[in-house]
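Peer 1: If you scroll down you'll find the structure; I have some questions about it.
The values are calculated or read from the model by the stated rules, or taken from the named source; none is laboratory data. Computed from a predicted structure; not experimentally measured. We place every Cβ from the backbone using ideal geometry, glycine too, and count neighbours over all the protein chains shown. The protein model used for the area step is the full one, side chains on, heavy atoms only, and it has no ligands, DNA or RNA in it. Shrake-Rupley method; radii C 1.70, N 1.55, O 1.52, S 1.80 Å.
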Amino acid sequence: SSKTFWTTTGMFPQELIIGFPKCVKINKVAIQCYLVRTLRIERSTSKDPVGFEQCVEKDLQHREGQLQMEEFPLPEFQATYLRFIIKSAFDHFVSVHRVMAEGS
C-alpha cells in the first residue's frame, strides 16, 4: 500500500526480510526509501530465512525532502527470501515505502 511504510528504530544496521511463497527468478529489484545512506540486498533460496548471500551493496544519494528511488538490475537469480540491510543512514530514522522485485 502506498499509504504505509516501514521505519527503523534508530540504530544501525537494520534489516527487512521479504519472503515469497516459493523460490522465484528475479532480475531487478527497486526500492523507494528515505534517508538511507548504505543499502545491501541479500538473497536466500532456503525454505527458511537463513543462509543469505550478498547480491549488491550501494551508497545512495541524499535527496533532501524527497524519497530515494533506486533500481538494482541484477543478473537473473533465484530467491525465496530477500533481505534488505540498511547499514547506515543520513539521520537516526529512515523509512522504506516500497519494494519491488521483477522476474518470474
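Peer 1: Answer yes or no as to whether Glu53 is more than 23 Å from Lys22 (Cα to Cα) and either under 10 Å from the mean Cα position of the chain (by Cα) or open to solvent by 50 Å² or more (accessible area, probe 1.4 Å) (or both).
Peer 2: Numbers: more than 23 Å from Lys22 (Cα to Cα): no; either under 10 Å from the mean Cα position of the chain (by Cα) or open to solvent by 50 Å² or more (accessible area, probe 1.4 Å) (or both): yes.
Against the criterion (more than 23 Å from Lys22 (Cα to Cα) and either under 10 Å from the mean Cα position of the chain (by Cα) or open to solvent by 50 Å² or more (accessible area, probe 1.4 Å) (or both)), Glu53 does not qualify.
Peer 1: Just to be sure I understand the filter: pairs with C-beta atoms under 7 Å, separated by 6 or more residues or on different chains, first member in segment 8-19 and under 13 Å from Thr38 (Cβ atoms), second member open to solvent by 70 Å² or more (accessible area, probe 1.4 Å) and basic (Lys, Arg). Which pairs pass?
Peer 2: The qualifying pairs are Phe12/Lys87; Pro13/Lys87.
Peer 1: Output the residues belonging to segment 1-45 that are of a type in the set (Gly, Ala, Ser) and at pLDDT 95 or above. Explain how you work it out, then say what you get.
Peer 2: Initial filter on segment 1-45 (of a type in the set (Gly, Ala, Ser)): 1-2, 10, 19, 30, 44.
Matches in segment 1-45: Gly19, Ala30, Ser44.
Peer 1: Being within 11 Å of the chain's Cα centre (by Cα) and open to solvent by 20 Å² or more (accessible area, probe 1.4 Å) is the filter here; which residues of segment 9-49 pass it? Outline the logic, then answer.
Peer 2: Going through segment 9-49, the residues within 11 Å of the chain's Cα centre (by Cα) turn out to be 14-18, 29-33, 36, 38-43.
Passing the criteria: Gln14, Glu15, Leu16, Ile17, Ile18, Gln32, Arg40, Arg43.
Peer 1: Which residues, taken from segment 1-49, are of a type in the set (A, V, I, L, M, F, W, C) and farther than 15 Å from Lys87 by Cβ? Quick ask: steps written out before the conclusion?
Peer 2: Taking segment 1-49 and keeping what is of a type in the set (A, V, I, L, M, F, W, C), we get 5-6, 11-12, 16-18, 20, 23-24, 26, 29-31, 33, 35-36, 39, 41.
Once the filter is applied, which keeps residues that are of a type in the set (A, V, I, L, M, F, W, C) and farther than 15 Å from Lys87 by Cβ, segment 1-49 yields Phe5, Trp6, Ile17, Ile18, Phe20, Cys23, Val24, Ile26, Val29, Ala30.
Peer 1: Also, quick follow-up: Name the single residue that is farthest from Ser88 (Cα to Cα) among those in segment 22-44 being touching a residue at least 40 places away in the same chain (Cβ under 8 Å) and among the polar types (S, T, N, Q). Talk me through it step by step, then tell me what you get.
Peer 2: Applying the first criterion (touching a residue at least 40 places away in the same chain (Cβ under 8 Å)) to segment 22-44 yields 22-43.
Imposing the further condition that a residue be among the polar types (S, T, N, Q) reduces the set to 27, 32, 38.
Working: Asn27: 25, Gln32: 16, Thr38: 5 Å.
Applying the filter and picking the extreme gives Asn27.
Peer 1: Turning to a different aspect of this structure: Please go through segment 56-96 and give me each residue that is open to solvent by 40 Å² or more (accessible area, probe 1.4 Å), within 16 Å of Pro13 (Cβ to Cβ) and not acidic (Asp, Glu), ordered by number.
Peer 2: Correct list: Lys58, Arg83, Lys87, Phe90, His92, Phe93.
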